[in-house]
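A quick write-up on the structure given underneath.
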Amino acid sequence: MNPITVMTIFGTRPEAIKMCPLVQELDRRDGINSLCCVTAQHREMLDSVLDIFGRKPDFDLDIMQPRQTLSTITSKTILGMDEVLSQVKPDLILVHGDTSTTFAGALAAFYHQIPVGHVEAGLRTYDKWSPFPEEMNRKMVGCIADLHFCPTVANRDNLARENITEGVFLTGNTVIDALQTTVRKDFHFTTDILNDLDYVNRKVILVTCHRRENYGQPMTNIMTALRRVADRFPDVELVYPVHLSPVVQEAAHKHLDGHQRIHLIAPLSVDEMHNLMARCHLVMTDSGGLQEEAPALGKPVLVLRRETERPEAVAAGTVLLAGVEEEDIFSMASTLLSDQAAYNKMAHAVNPYGDGQACRRIVDAILYHFGAAEAAPEDFAP
Ligand code: UD1
Ligand code: UDP
């Protein structure tokens, strides 16, 4: 049998973190010819991940522009993929999650009549505008895809409600595979401030915030609440690696500059980020990926959003939806910082999102789909 040519397409930091372990698995498995194409919707933040995983892409569309719009990302990706797909015709294209790269990559594959596999399939809020534009991106990819790799049972149920039942595999999330390779007890940070922090006697709060639907007033509310938390609790050190988006940079520096215990730092490499998360006291974030990683490391999370497509860790009690109102965020953070029992109740490790075997299951499912393996992989069971 000829090898199956599988091309992964990704472009942003979170896609890279969740796809690189899968690319590594595809690279090492017999029967697969693995090609990796990046759009570089993110440039520096993508390259940082590629460096850590040591994988050079086979194709690089290099599309990023400062303050890019959704239309430019989408159109540049489709046109760039036209060129790539006129050179090679993969048997399968894999996209990840819900970014503009994901949607445009799947659409380009469809235009070239190439089957699509969707990694991290079936996450939903059922609110078209939140997260924006991610909810529609993942729904549209769900319509295009032939194979759907769902992290959780709830994700598979969501697809079933949309009558998507063929080609669906329950795999767990590849982010947990990634996490298992990065966190080490003896890890030494290259970012000096992270080595200098006293993780035992101080309460280190790890913050990230970047979502488009939080631009404007919600982001102002969030930043104001964060500053109040730092003012109110003298034992808090707030560490915020600020996303490179100029909109986010402006908001973070406007509201949080000039405070002795608020550390606005450059985006961290993924290994630094995971090891900081493993040592911090509390996570406050609007990120999707952090909502999955922090529970696996036993860290309570306050989600700085109105909704979440990741209800599993909320149900498990390690994640709380804090919303985007200043008073709500301040009051929930205050409770966790002053009430040890409330904190302890949330600070226990749960792994509803994966067992570190997602990449192996996804590749097994691909081999099975193409008739190169006799059995489908077993379902992920949390
Ligand atoms: C994108 C995704 C979002 C995901 C996030 C992860 C879309 C529509 N949004 O949002 O789902 O949660 O990535 O971080 O796909 N920039 C740089 N260097 C970089 C990265 C970004 O300078 O390495 C700046 C550029 O000015 C760029 C801007 O950030 O124009 C915004 O990047 P973009 O990918 O459009 O949006 P994100 O908010 O990062
Ligand atoms: N991350 C990182 N460095 C940072 C901030 C985040 O490596 O400075 C990682 C984080 O651990 C997670 C992923 O990036 O794996 C999440 O990306 P992001 O929050 O940008 O996007 P989202 O998950 O919200 O789509």
Inset, instruction - Count, please, the residues in the stretch 278-288 that happen to be outside any strand (DSSP E or B) and either touching a helix residue (DSSP H, G or I) at 6+ places or on another chain (Cβ under 6 Å) or within 6 Å of ligand 2 (Cβ to nearest atom) (or both). - result: 3
Inset, instruction - Sort through Val236, Val200 and tell me the only one that's without any contact (Cβ under 8 Å) to a residue 24 or more places away in the chain, out of contact with any Asp or Glu (no Cβ under 9 Å at 6 or more places or on another chain) and of a type in the set (Val, Ile, Thr). - result: Val200
Inset, instruction - Could you check Leu94 against (1) away from ligand 1 (no atom under 16 Å from the Cβ); (2) of a type outside the set (Val, Ile, Thr); (3) in a helix (DSSP H, G or I); (4) touching a strand residue (DSSP E or B) at 6+ places or on another chain (Cβ under 6 Å) and say which number it fails? - result: (3)
Legend entry - Meets criteria (over 24 Å from Ala225 (Cα atoms) and out of contact with any Lys or Arg (no Cβ under 8 Å at 6 or more places or on another chain)) for Ile362: yes
Inset, instruction - Report yes if some residue within the stretch 303-311 is among the aliphatic types (A, V, I, L, M), in a helix (DSSP H, G or I), touching a strand residue (DSSP E or B) at 6+ places or on another chain (Cβ under 8 Å) and closer than 30 Å to Pro234 by Cα; otherwise report no. - result: no
Inset, instruction - Sort through Thr99, Thr69, Thr12, Thr5 and tell me the only one that's hydroxyl-bearing (Ser, Thr, Tyr) and farther than 23 Å from Cys150 by Cα. - result: Thr69
Inset, instruction - State whether the residues of the stretch 7-30 include one that is open to solvent by 50 Å² or more (accessible area, probe 1.4 Å) and within 11 Å of ligand 1 (Cβ to nearest atom). - result: yes
Inset, instruction - Report the residue count in the stretch 55-80 for those that are under 14 Å from Phe10 (Cβ atoms), in a helix (DSSP H, G or I) and within 16 Å of ligand 2 (Cβ to nearest atom). - result: 1
Inset, instruction - Have a look at Thr181, Thr190, Thr220 and point out the one that is under 22 Å from Asn275 (Cα atoms), assigned to a helix (DSSP H, G or I) and either open to solvent by 10 Å² or more (accessible area, probe 1.4 Å) or at pLDDT below 95 (or both). - result: Thr181
Legend entry - Condition check for Leu159: more than 16 Å from ligand 1 (Cβ to nearest atom), open to solvent by less than 40 Å² (accessible area, probe 1.4 Å) and in contact (Cβ under 8 Å) with a residue 24 or more places away in the chain: yes
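Within the stretch 253-272, how many residues turn out to be within 12 Å of ligand 2 (Cβ to nearest atom) and crowded, with 21+ Cβ neighbours inside 10 Å?
So the count comes out to 3.
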Legend entry - Every residue from the stretch 21-46 that is without any contact (Cβ under 8 Å) to a residue 60 or more places away in the chain, of a type in the set (A, V, I, L, M) and either more than 14 Å from ligand 2 (Cβ to nearest atom) or assigned to a loop (DSSP other than H, G, I, E, B) (or both): Val23, Leu35, Val38, Ala40
Inset, instruction - Go through Leu206, Leu244 for me and flag whichever is assigned to a loop (DSSP other than H, G, I, E, B), at pLDDT 95 or above and closer than 30 Å to Glu307 by Cα. - result: Leu244
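Suppose the filter is in contact with a Leu (Cβ under 8 Å, 6 or more places away or on another chain) and either more than 16 Å from ligand 2 (Cβ to nearest atom) or farther than 14 Å from Met140 by Cα (or both); does Val49 pass it? Let's see the steps before the verdict.
On the way: in contact with a Leu (Cβ under 8 Å, 6 or more places away or on another chain): no; either more than 16 Å from ligand 2 (Cβ to nearest atom) or farther than 14 Å from Met140 by Cα (or both): yes.
So Val49 does not fit the description; no.
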Legend entry - All helices (runs of 4 or more DSSP H) inside the stretch 316-382 with 3 or more residues being within 30 Å of Tyr215 (Cβ to Cβ): 326-338
Legend entry - Residue list for the stretch 186-226, restricted to those being closer than 17 Å to Asp271 by Cα and hydroxyl-bearing (Ser, Thr, Tyr): Thr190, Thr191, Thr208
Inset, instruction - Keeping to the stretch 104-124, report how many residues are out of contact with any Pro (no Cβ under 7 Å at 6 or more places or on another chain) and more than 20 Å from Gly356 (Cα to Cα). - result: 13
Inset, instruction - Determine which member of the set Ile63, Ile52 is open to solvent by 40 Å² or more (accessible area, probe 1.4 Å), in contact (Cβ under 8 Å) with a residue 24 or more places away in the chain and among the β-branched types (Val, Ile, Thr). - result: Ile52
Inset, instruction - Considering each residue of the stretch 251-274, count those that are more than 16 Å from ligand 1 (Cβ to nearest atom), farther than 18 Å from Ser48 by Cβ and in a helix (DSSP H, G or I), and give that number. - result: 3
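The values are calculated or read from the model by the stated rules, or taken from the named source; none is laboratory data. This structure is a prediction, so every number in the text was calculated from the model and none was measured. For neighbour counting, all protein chains shown are included, and Cβ atoms are generated from backbone atoms with ideal geometry for every residue, glycine included. SASA here: full protein model, heavy atoms, side chains in, ligands and nucleic acids out. Shrake-Rupley method; radii C 1.70, N 1.55, O 1.52, S 1.80 Å.
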